[in-house]
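Note sheet for the following structure.
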Amino acid sequence: MNKFLLILFFVMFVNTNLLSEDNFEKGLRIAKESYESTRGYVDSESDQLMILVDPKGNEVIREISGKTLENDDPNDGDKSIIFFNKPKDVEGTVMLSHTHVNDDDDQWLYLPALGRVKRISSSNKSGSFMGSEIAFEDFSGNDYRKYEWEFIGEEEYEGEICYKLVSIPKYKNSGYTKRIGFTDKLLRPRMIEYFDRKGELLKTLYFEDYQLYNDKIWNADTFRVVNHQNKNKTIYKWINRELNVGINKKDFEKSSLLRLAD
Amino acid sequence: MIYIKILNFALIVTFIFSFNVNALEYKLYGLVQPEFSIFTNGDGKHHQSKNNYSLFTKGNFISYLDERDAKITISAIARYDEKDSERRYIDFQKLKYEQYYENYTFKIGNEIIFWGVNESFNIIDIINQSNFAEDMTGTKKLGQPLLSLAYDNNYGTIDLYLMPYFIERKFPSKNGRPRLALEVDQNSITYESSSKEQKLDFALRYSMVYDDYDIGIAHFHGNNRVPQLNINPSTLKFNPHYTTLSQTSLDIQATKGAWLYKLEALSAKDGNERHLGVAGGFEYTFYGIRDSQSDLGLVIEYSFDDRNSYPFNNDSVAALRWTKNDINSTSLLAGMFIDMRGNSNRFIAEYEQRINNNVKLFIDATFNGSIDSQDFTYAFEEDSVFSIKLARYF
């Protein structure tokens, strides 16, 4: 009997809690659930192809490959290594990042021409990644801890009813004042509009080619970005992505950079 | 020299052998770079040609063996120069075999090892010899044959280096521009050590990352990489003399947001005399200047040394680095070197931009301002130069 009361009480409490949830709490809950649905990947390895398109339609190709290590610490970010392959003049360059949630990342760059590992400033998370329309901070744009959230309704996007969410960056050096995005009922972000520091629409990021990895994690294998101000486009594709491959954690330390570099 | 040949031969044999045994996983890439220089002070102090052609090339071969637990690297550079015979050379920057264990790395062969944090005054960097025929500032290095063992754990990394063969500093020939006041006689080299170039040099370095700090402590004992240049009165050439050097050094970089703070310090016993050197400074970057993607970095560094004879005993550099962050990776570095003792100054500018996926353009300029006649750079006071380089990558 007691147990029954307890369950009843718990159900009522939870329901009341859900009923009394305001739009900020709901936005945060959806963002958190969306983020958590992509966790548990342990580590990943992939090749990445980037196509930069200027307003005249001229295309430039960038090729990199990367490794990522999930960080279980709820207050810290993941670690990643990027190997640059194209353009050819940066071939052999390697970048190691230890990301942090609302602070500057730790970043080291191996420069093959000098045979030198340099610790670099990373307070430009808003800076362009390899001349593309994607900023460093966009790669971790699904981390709910980096934004204040608000749910502002449900709308149809590409034939599906989606949550419409507004997110405001907490990071002081962010290049954005606001983002407005659609997240579908499978908790996958589908599109995000970015507003620059002046509050003007800067670019739209479309999440495409969703694949279900390891039967549990949805990853968009294409990011398509359209910049509304300079009219450039960037298409970013993940190829041969594998999760939970068993990469040695030590690979993600500075001391391993020279070992991993050419 | 025989030692190097044996080592190179052994490595190449290992390499060829591995070719047959394994289904080879390898990478091959490099560049070919024609260069053209125009000197703006006419014939200059040494009555030399006003322009020069040169061709530089670099090739890299990397192969992983043993399920990536071992690696062979060959990285060779070569140059053909129209005027300067000392700038016609091949150097194996890397020609090495590495074996990886859980906490250890073993390495044998030619290698380039950089120590330090500074942009300009790399005072503690000592493993590799500088190639002055390439560049009088000493930033271009020659591959050093060595054996090394690295051990790392959560507290940092310890690197041990044994260097069984010494590489002499290369200098420009009589026809090189810029060049020193006198020719360097590479056939009249002397050493403090009776083992001469076969002296077994060693070095030890501990490095660690603590939060925003990257720290290194190192010790080196061996032939000094910097020769004394003594005038031979009969030939009127410089005879290089290599002393024995024991150097203990510290390098620290603090990375605080857009600020980088850098410090290198050393105490060394060179021959019978002890000297002290300190160099450091800061770098600050303004990101997204004027609401663009461009960044503007400011670098200021200062170098002190308690030897009167040392060229950078009271010198500073101030430079601006503009990076456009565009598709072509356009960037411009403009800087000024000031010798505060002799009141000499020198200006440099380096522009670069990608032409397409495989071609990159470099334009460099060096202008020598007023140079004190006591300064070692006085010999190339009239060697202000514009260089255009076009790198084709493959």
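What follows draws every value from the coordinates through simple rules; no lab data is involved. Quantities reported herein were computed from a predicted structural model and do not represent experimental measurements. Virtual Cβ from ideal backbone geometry, glycine too; neighbours counted across all protein chains shown.
Which parts of the stretch B:327-370 would a label at B:Asp135 reach, counting a residue when its backbone N lies under 15 Å from a point 7 Å out along Cα-to-Cβ? Under cut-off, by backbone N: B:333-335, B:348-352, B:362-366. Here the sum of -39500 (n - 2.57) over DSSP H runs of 4 or more residues, divided by the residues of the protein assembly as shown, equals -3000 deg cm²/dmol at 222 nm, to the nearest 500. Pairs with C-alpha atoms separated by more than 19 Å, drawn from the list A:Lys254/B:Lys94; B:Lys96/B:Lys196; A:Lys79/A:Lys118; B:Lys83/B:Lys389; A:Lys86/B:Lys360, are A:Lys254/B:Lys94; B:Lys96/B:Lys196. Computed as a quarter of the hull surface, the mean projected area of the alpha carbon convex hull for the stretch B:32-176 stands at 10.7 nm². Based on C-alpha pairs under 8 angstrom that are at least 6 apart in sequence, the stretch A:22-260 has a relative contact order of 21 percent. Evaluated at q = 0.11, 0.16, 0.17 Å⁻¹, the base-10 log of the normalised Debye intensity for chain A, with identical point scatterers placed on the Cα atoms, takes the values -0.66, -1.35, -1.51.
Rounded to the nearest 10 degrees, the inclination of helix A:23-36 to the longest alpha-carbon principal axis of chain A is 50 degrees. In chain A, the longest principal axis of the Cα atoms and the axis of helix A:2-19 are about 60 degrees apart.
Which three numbers, in whole Å and largest first, are the semi-axes of the equivalent ellipsoid of the stretch B:258-394 derived from its Cα gyration tensor as √(5λ)?
Numbers: eigenvalues 207, 80, 43 Å².
Taking √(5λ) for each Cα gyration eigenvalue gives 32, 20, 15 Å.
Would you kindly work out the equivalent ellipsoid of chain B from its C-alpha gyration tensor and give its semi-axes, the square roots of five times the eigenvalues, largest first in whole Å? Show your work: numbers first, answer last.
Numbers: eigenvalues 195, 151, 128 Å².
After scaling each eigenvalue by five and taking roots: 31, 27, 25 Å.
Convex hull volume of the C-alpha atoms in the stretch B:245-310, normalised per residue: 89 Å³. Could you give me D for the protein assembly as shown, from Stokes-Einstein at 20 °C and 1.002 mPa s, where the hydrodynamic radius is the Kirkwood radius over C-alpha pairs? Units µm² s⁻¹, please. Value of D from the Cα-based Kirkwood radius: 78 µm²/s.
Show which aspartates and glutamates lie in cross-link reach of A:Lys67 when reach means a straight Cα distance below 12 angstrom and same-chain residues fewer than eight apart are skipped. List returned: A:Asp43, A:Glu45, A:Asp47, A:Asp78, A:Glu242, A:Asp251.
Quick one: length gained pulling B:Tyr155 to B:Asn357 fully straight, 0.36 nm per residue minus the C-alpha distance?
Values: separation 202, 0.36 × 202 = 72.72 nm, distance 4.11 nm.
Additional length available on full extension: 68.6 nm.
Exposure here means at most 14 other Cβ atoms within 10 Å; with GluC sites (Glu not before Pro) in a DSSP loop as sites, the longest stretch of chain A lacking them is A:22-157.
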